[in-house]
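What follows is a short report on a single structure.
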Number of protein chains: 2
Amino acid sequence: MNKILRVNMTELSIKEEPVKEEYKLLGGRAFIAKLLLDEVKPTCEPLGKHNKLIFAPGLLGGSKVLSSGRISIGGKSPLTGGVKESNGGGVVGIKLGRLRYKGIVVEGLPSSERKYLLKVDANGAALLEAEQYWGLGVYETARKLREKYGSNVAVSCIGPAGENKFLAAGIANTDIDGVPSRYSGRGGLGALMGSKGLKAIVLDDKGLGVLEAADVREFNQAMQDYSKILKESPVVEAYNIYGTAAMVQVTNAVGGLPTRNFSTGKFEWAEKISGERMHDIISERKGKTTHACMPGCMIRCSNVYVDESGKDIVAPLEYETIALMGSNLNIDDLDVIAKLNYLCNDYGLDTIETGAALGVAMAGGLIPFGDQEGALNLVHEIGKGTLQGRVLGMGAETAGKVLGVLNLPVVKGQAMPGYEPRGIKGMGVTYATSPMGADHTAGATARAKVDHNSREGQADLSKKMQYTIPIYDDLGLCMFAVVALGPYPEVLSRLVNSQLGTQLSAEDLFKLADQTVKWEREFNRRAGFTNLDDRLPEYFNETPNPAINSVFDVGEEELDKIHE
Amino acid sequence: MNKILRVNMTELSIKEEPVKEEYKLLGGRAFIAKLLLDEVKPTCEPLGKHNKLIFAPGLLGGSKVLSSGRISIGGKSPLTGGVKESNGGGVVGIKLGRLRYKGIVVEGLPSSERKYLLKVDANGAALLEAEQYWGLGVYETARKLREKYGSNVAVSCIGPAGENKFLAAGIANTDIDGVPSRYSGRGGLGALMGSKGLKAIVLDDKGLGVLEAADVREFNQAMQDYSKILKESPVVEAYNIYGTAAMVQVTNAVGGLPTRNFSTGKFEWAEKISGERMHDIISERKGKTTHACMPGCMIRCSNVYVDESGKDIVAPLEYETIALMGSNLNIDDLDVIAKLNYLCNDYGLDTIETGAALGVAMAGGLIPFGDQEGALNLVHEIGKGTLQGRVLGMGAETAGKVLGVLNLPVVKGQAMPGYEPRGIKGMGVTYATSPMGADHTAGATARAKVDHNSREGQADLSKKMQYTIPIYDDLGLCMFAVVALGPYPEVLSRLVNSQLGTQLSAEDLFKLADQTVKWEREFNRRAGFTNLDDRLPEYFNETPNPAINSVFDVGEEELDKIHE
């Protein structure tokens, strides 16, 4: 991964450049943070000509390391106005690594109405006309692109939501089966891609093998240890059986399952949307209860949710979607949630942001809570781009402003994922203080064995996670491995060193994580953010979550200490 | 003015309290700034329970000083999220002064759906049920209130826009004829009043006379000098003849008349919407070309615009409205602009914010530029509170976000008034750096005899105005007197001293102005604003105004020096 691909959409030009020395040890999220800080004016209009859209595999992308193929996509977020890295599974990161690219940087705005796709293979890269794909959903887009360019290609693409520059739009990445359901969903990066007039990136690694390790023997030993740790982890096992949806009963039990626009943390019908129930339904209907999104993944959190006739509805159905489009909407039917999920995927929408916007729409009286048909209809409105659809497609904050809803589950313009922050207070700390806006992956605390209702220790816990997870995001590893691998950071440095020929200590990886967050915070500071943006909305501080009779009571001084 | 009226909408309680020592020399805008800083949490939700709505006459309010009856209304702005003082003409400030109130402070949120009005007279104050007025336009509201409480009362009230908490909603104040067309329009204060469940304030000063001067002889002498200066001013004379609309040809000549969503600064049909044309039309139709909004006003900038049959359409028709709803919408017909103005007034909307939102709607393709019927219809949609109406009623920034328009004439969330900032660069400096958001009254430079297209000296000019105008806003004087009185500040201190028995120098008045802006800036700082908020949108810095082929090129360092 010794080169960077620069794609200029104004000049329709492409050039390759060598990786600068200071970028050599940066991958994924770290690469994005540094590049944004170096090259993008922090105060720029996110959908204007100065912003850049970046695709970057992790440092281990394209290697033999299992579960190391995450793709980081980033830019200045059209949703938050701050730094954004949103990573997804599937095979895009793997292919990009094998194509030897540390990153693709898409720059400039198109000077005409023409639409393009970027095709990259062993012979180089080209911008090709893509008028015929514009307007298509992501499933048909990926299908047609794989028909044309071969079933081996990986695709990142947007749907109509991204084309319309909706701030809830994400970027879909194809998985091992060629299905574009691995979303870099957060932060409106689909809108950024749409603003560039870029429908898709097609990656073909034909003729290029896996990236060989610098020290094969040591690499193989490190890999053995790595696999053993993952294999023996009970958390990984749970992901295998129930996927992320195992979380439903866990969060509900502690009053942390977002329900009816985050007005409470307990859902009366949680069992009906639980991972256990999902597992039973999928088993009965002969779907797939477990599934890998990338080759050789041992975590296999994915699934294929099918209807009564055994036909696929969506793959995968995950916890965040179940929380945001289930309990948060007072919807207790997994079939409906799966359909909502499919529609969002196809239109190119982040299910978290869209679910939160629908919750706000219900709180604002546009449709009643629990209105299943109404919710499906509103997602279609977004897909069609009607005025109503535009209001919701711009995300929960804009929907709330238009509909006059004050209690918004939003930080830095981005909607909260599936953890009610008064019930799971460490997540509240992460929502408030992450440079990404309300985000769960930036500092996930929900699996820690602590009293989630108590404020004690939550700031420290969130801080620890916020400064650990960037290691995974920098390397391209799945963050679901963090619980298993957390106690063994030297396994990660051994993998990196044997793969890349570096001499990094585990400590060095933590330093890289630390540096990553510092770059991100600095970008945000230059974009105008202050500590006052590191807060939850007034509502969560002042109105108790009735399930546990507690407000979010982690003090402002504690929040401010996170990044000191 | 030795007392403050506290009105608590949660408890439906009212109490009077003496003015604290440190507030004694503060009036109008200064009073609001200090009170917000002392009592309102700067990060609070503006439409939540912590915000306060403040009505304050100037230090000379209720005195015999001519043109001293402006009413300052303030709070944390629901539109900008920062400090807000919005002042209006009419007789509300005069009555409040005569009732001896330095201010009315409305606190808390209602705990029921019931609606109220606040009645204040010589015997005290009371909250009265106002269900029967809720939903009415401001004209009918004022008419009915005057019917019920006597034609002598002054009224401040909101229309449906404020009731719906639309961020483009203002507060209407009655004038000398009892017509509620003197708007405290900016910053969404109508929404703040609506959030309090307060439809109107009714002030009856029966039995209370003018506030007598402490030193009658000196006061009379100062008043003579004051009147003479105003009488001899050619600027005041121009206001008499053409009203503020005289500005149309002036700004158009320098490429500073906002046209078609601020895309250029010259309007091909400027003559058709000019003050001169307006004067001719009103004369022909036997309307009133000049008119006073408060008793004894010598400036008389107001008018009564009538239709062909001589029937009132709106009074007054002013420059800002003509710019924002005329050239900015590509509408060249004063009759249509007057009708738009009337509708906005009646629904309780700021014509600047609404005009800018309509311009954005046209840029976003909702209706074409120049569509007169479409524009009238959209204002009705806002009044009716449809989804389309909500999108526009929340102001230009929200409309732009929903409609995907990037080139927004907005600073700190508030729409720009009638001066294209690349053409009239001093106004651009004021828009960028005023604590109020894009605002013309905070530092009006358009009448200065400078090359408005040149960046030279504009920062100094804006600074001078931004630190002079608060004197007028603190005293309750009409800022249209500033050009005439500017060279004679000691006349103002003589008026204040002889009226109040104080010993202030002209210098002290400038210190008060300075302090006022510092308090406002400090409130904003604590609300999360930084110097990076003191900028125009990227569009104005990078895309030339084609009328003069110039971008807004006053440097960021110059902007940052304004408040150093």
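Quick note: the coordinates plus some simple rules give every number you see, no bench work behind them. Everything numeric here is computed off the predicted structure, so don't read it as measured data. Every residue, glycine among them, receives a Cβ derived from its backbone with ideal geometry; neighbour counts consider all protein chains shown.
Principal axes first, then extents: for the Cα atoms of region B:230-382, list largest minus smallest coordinate on each axis, whole Å, largest first.
For region B:230-382, the Cα extents along the three principal axes come out at 48, 33, 25 Å.
In nanometres, what is the gap between the two model label sites at B:ASN549 and A:LYS41, each 7 Å from Cα along Cα-to-Cβ?
Taking the simple label geometry, B:ASN549 and A:LYS41 are separated by 2.2 nm.
For region A:3-203, with only Lys/Arg (+1) and Asp/Glu (-1) charged at the beta-carbon, what is the dipole magnitude about the Cα centre, in debye rounded to 20?
Taking the Cα centre of region A:3-203 as origin, the dipole is about 360 debye.
With point charges of +1 on the Cβ of Lys and Arg and -1 on the Cβ of Asp and Glu, referenced to the Cα centre of region A:3-203, which listed residue (A:GLY82, A:HIS50, A:TYR101) lies farthest in the positive direction of the dipole?
Working it through, the farthest residue towards the positive pole turns out to be A:TYR101.
From the label point of A:ASN240, set 7 Å from Cα along Cα→Cβ, how far away are the matching label points in the other copies, in nm, ordered shortest to longest?
9.4
Could you check how many percent of all C-alpha pairs in region B:225-285 are farther apart than 15 Å?
Cα-Cα pairs in region B:225-285 separated by more than 15 Å: 58 percent.
Mean separation of Cα pairs under 8 Å and 6+ residues apart, divided by the residue count of region A:3-203: what relative contact order is that in percent?
This gives 22 percent for region A:3-203.
Within 10 Å of each Cβ of B:522-530, how many other protein chain Cβ atoms are there on average? Intermediate results must be reported in sequence, preceding the final value.
Working: counts 0, 0, 0, 2, 1, 2, 7, 3, 6.
Whole-number average of other-chain Cβ neighbours for B:522-530 is 2.
Evaluate E = 1/(1 + (r/R0)^6) for B:LEU376 and B:LYS511, where r is the Cβ-Cβ distance and R0 equals 51 Å; express this FRET efficiency to the nearest 0.05.
Once rounded, the FRET efficiency stands at 0.60.
For the protein assembly as shown, what is the charge dipole size about the Cα centre, in debye to the nearest 20, if Lys and Arg each add +1 at the Cβ and Asp and Glu each add -1 at the Cβ? Mind showing how you got there, number by number?
On the way: 126 positive and 140 negative charges, 1 e Å.
Around 0 debye, computed over the protein assembly as shown.
Cα centroid distance between region A:219-283 and region B:390-442, in Å?
Each part reduced to its Cα centre gives a spacing of 47 Å.
Once you charge only the Cβ atoms, +1 for Lys and Arg and -1 for Asp and Glu, what is the size of the charge dipole of chain A about its Cα centre, to the nearest 20 debye?
Charge dipole, chain A, about its Cα centre: 1320 debye, nearest 20.
Per-residue ellipticity at 222 nm for chain B, helices alone: DSSP H runs ≥ 4 residues times -39500 (n - 2.57), over residue total, nearest 500 deg cm²/dmol?
So the helix-based figure for chain B works out to -11500 deg cm²/dmol.
In nanometres, what is the gap between the two model label sites at B:ASP333 and B:GLU22, each 7 Å from Cα along Cα-to-Cβ?
5.7
Distances in nm, one decimal, shortest first, from A:PRO110 to the same residue in every other copy, taking the label point 7 angstrom along Cα→Cβ.
Taking the point 7 Å beyond Cα along Cα→Cβ, the inter-copy spacings are 5.1 nm.
Shielding by partners for A:37-49, please: the mean number of other protein chain Cβ atoms within 10 Å of each residue's Cβ.
Taking all residues of A:37-49 together, the mean is 2.
Under a point spin-label approximation (7 Å from Cα along Cα-to-Cβ), what is the B:GLU113-A:GLU268 distance to one decimal in nm?
According to this spin-label approximation, the distance is 2.2 nm.
Which value does Rg/Rh take for region B:3-203 over its C-alpha atoms, Rh per Kirkwood?
Working: Rg = 14.9 Å, Rh = 16.1 Å.
When Rh is taken as the Kirkwood radius, the ratio is 0.92.
Quote the relative contact order of chain B in percent (integer), defining contacts as alpha-carbon pairs under 8 Å separated by 6+ residues.
Result for chain B is 16 percent.
Within region A:484-513, list the residues whose amide N lies under 15 Å from a label point set 7 Å along Cα→Cβ of A:GLN221.
A:490-499
Using only the alpha carbons, work out the radius of gyration and Dmax of chain B in angstrom.
Reported Rg and Dmax, both Å: 21.5, 63.
What's the FRET efficiency of B:ILE241 with B:GLU542 using the Cβ-Cβ distance as r and R₀ = 35 Å, to the nearest 0.05?
0.30
With r as the distance between the Cβ atoms of A:LYS449 and B:LYS449 and R0 = 60 Å, compute the FRET efficiency 1/(1 + (r/R0)^6) and round to 0.05.
According to the calculation, E is roughly 0.25.
Highest first, please rank the peptides A:281-287, B:239-245 by the mean number of other Cβ atoms sitting within 10 Å of their residues.
Working: A:281-287: 15.6, B:239-245: 22.3.
Ranked by mean Cβ neighbours within 10 Å, highest first: B:239-245, A:281-287.
Tell me the GluC sites (Glu not before Pro) within region B:455-535 that lie in a loop according to DSSP and have at most 13 other beta-carbon atoms within 10 Å.
Details: sites: B:GLU456, B:GLU490, B:GLU507, B:GLU520, B:GLU522; in loops: B:GLU456.
When the GluC sites (Glu not before Pro) of region B:455-535 are filtered for loop state and at most 13 Cβ neighbours within 10 Å, B:GLU456 remain.
If the label point is 7 Å along Cα→Cβ of B:ALA253, which residues in region B:276-307 have backbone nitrogen under 19 Å from it?
Counting only backbone N, you get B:276-280.
State, to one decimal in nm and shortest first, how far the label point of A:LYS15 sits from each corresponding label point in the other identical copies (label point: 7 angstrom along Cα-to-Cβ).
7.2
Based on the Cα gyration tensor of the protein assembly as shown, what are the three equivalent ellipsoid semi-axes, each the root of five times an eigenvalue, rounded to whole Å and given largest first?
Whole-Å semi-axes of the equivalent ellipsoid: 57, 30, 27.
Go through A:SER151, A:LEU59, A:GLY190 and say which Cα lies farthest out towards the positive end of the charge dipole of region A:3-203; charges sit on Cβ, +1 for Lys and Arg, -1 for Asp and Glu.
A:LEU59
From the residues B:VAL254, B:THR264, B:VAL517, which one has its Cα farthest along the dipole of chain B in the positive direction, the dipole being from +1 and -1 charges on Cβ of Lys/Arg and Asp/Glu about the Cα centre?
Positive-most Cα among the choices belongs to B:VAL517.
Figure the gain on full extension for A:THR10 and A:LEU532 (residue separation times 0.36 nm, minus the Cα-Cα span) and round it to one decimal in nm.
184.2 nm
Whole Å is fine, so just give me how far the alpha carbon centre of region A:308-383 lies from that of region B:300-364.
Between the Cα centres of region A:308-383 and region B:300-364 lies a distance of 43 Å.
Considering only DSSP states other than H, G, I, E and B, which trypsin sites (Lys or Arg not before Pro) in region B:422-481 qualify as loop sites with at most 10 other Cβ atoms within 10 Å?
Taking region B:422-481 and a limit of 10 other Cβ atoms within 10 Å, the loop trypsin sites (Lys or Arg not before Pro) found are B:LYS449.
With just the Cα atoms defining each centre, how far is region A:15-34 from region A:121-145? Give it in Å.
Region A:15-34 and region A:121-145 have Cα centres separated by 26 Å.
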